[in-house]
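Notes for the one structure printed next.
The values are calculated or read from the model by the stated rules, or taken from the named source; none is laboratory data. Just so we're clear, the structure is a prediction, and the values are computed from it rather than from any experiment. Neighbour counts are summed over all protein chains in view; Cβ atoms, including those assigned to glycine, are modelled from backbone coordinates with ideal geometry. Areas reflect the complete protein model, heavy atoms only, side chains present, ligands, DNA and RNA absent. Shrake-Rupley method; radii C 1.70, N 1.55, O 1.52, S 1.80 Å.
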Amino acid sequence: QVQLVESGGGLVQPGGSLRLSCAASGIAFRIYVMAWYRQAPGKQRELVATVTSDNNSNYSDSVKGRFTISRDNAKNTVYLQMNSLRPEDTAVYYCNAKRATLGYWGQGTQVTVSS
């Protein structure tokens, strides 16, 4: 079956960095658009960044210049490098794989930015 397993979340001080990973199995990873979403308490889930099968990336305005999404097709893994973290980046971060009408989600990993 399809599995997306996120890791790398945790508690970090403002200005710090974290790198999230999402390991995929059960899909032809290289042909999927991969994305990171996040959901803060009491808010809707929002798109953070996407990377296409040919490595084109896009970012929400709130993270542009601070976050970098990348993928390693040999390892079936997508990453989110998060720098200059702010308290407002605190959320559960979810990995998503999408192709046409197919879409899959990971279980999420908590990121907390606090002093």
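Within the bounds of segment 50-59, is there any residue that is touching a residue at least 24 places away in the same chain (Cβ under 8 Å), at negative phi and within 14 Å of the chain's Cα centre (by Cα)?
Yes.
Please determine whether any residue of segment 45-52 is more than 25 Å from Glu88 (Cα to Cα) and not hydrophobic (A, V, I, L, M, F, W, C).
Checked segment 45-52: at least one residue is more than 25 Å from Glu88 (Cα to Cα) and not hydrophobic (A, V, I, L, M, F, W, C).
Counting residues that are over 18 Å from Pro41 (Cα atoms), which strands (runs of 3 or more DSSP E) fully inside segment 58-115 reach at least 2?
Correct list: 67-72, 77-82, 91-99, 102-105.
Looking at segment 37-51, can you tell me whether even one residue there is open to solvent by 50 Å² or more (accessible area, probe 1.4 Å), over 19 Å from Val113 (Cα atoms) and part of a loop (DSSP other than H, G, I, E, B)?
no
Just give me the residues in segment 60-85 being of a type in the set (S, T, N, Q) and either touching a strand residue (DSSP E or B) at 6+ places or on another chain (Cβ under 6 Å) or on the phi > 0 side of the Ramachandran plot (or both), in sequence order.
The answer is Ser60, Thr68, Ser70, Asn76, Thr77, Gln81, Ser84.
Among the residues of segment 62-111, what is the count of those that are of a type in the set (Val, Ile, Thr) and either open to solvent by 50 Å² or more (accessible area, probe 1.4 Å) or without any contact (Cβ under 8 Å) to a residue 24 or more places away in the chain (or both)?
Matching residues across segment 62-111 total 2.
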